[in-house]
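Have a look at the structure below, then the notes.
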Amino acid sequence: MNSKARLFEVDEDGFIASFDTWSPEWVDYVKTFEGISELTDEHWQVIHVLQDYYRQHGIAPMVRILTKVTGFKLKHIYELFPSGPGKGACKMAGLPKPTGCV
């Protein structure tokens, strides 16, 4: 057993229960379920934009805002996060499951 292993409380959809408990270890844990083998700077850029927006507004940004702030086309965000910006990227960023169209 790894003595450094962390336990995360998750909701029924596998999203972290509290944004305040997010850590890079969470991303390492979730990435395999999202079909991501290696995280790049672009992955981290999307994750940090999502987190910054969430801290400021209390919700995940709409896709249009995410693409504008990151400069990435939506197609590229889906290449980075195969399950999409709402499910995969928000989950990895520690945000609650988005309710609308993200």
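Table for the structure above
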quantity: Cβ-based charge dipole, region 24-74, positive-most Cα from F33, I59, H43; calculated: I59
quantity: Surface share of carbon and sulfur [accessible, 1.4 angstrom probe, percent] for the chain; calculated: 54
quantity: Amide proton proximity set for V10, modelled H, under 5 Å, gap of 5+; calculated: A17
quantity: Given charges at beta-carbon only (K, R positive; D, E negative), |dipole| of region 23-91 in Debye; calculated: 420
quantity: Cα extents of region 50-95 along the three principal axes, largest first (Å); calculated: 26, 20, 12
quantity: Relative contact order of the chain, defined on C-alpha pairs under 8 angstrom at six or more residues apart (%); calculated: 35
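The values are calculated or read from the model by the stated rules, or taken from the named source; none is laboratory data. Here the structure is a predicted model, which is why all the values come from computation and not from measurement. Methodologically, a virtual Cβ is constructed for each residue, glycine included, from the backbone with ideal geometry; neighbour enumeration extends over all protein chains shown. For accessibility, only protein heavy atoms count, side chains too; no ligands or nucleic acids. Shrake-Rupley method; radii C 1.70, N 1.55, O 1.52, S 1.80 Å.
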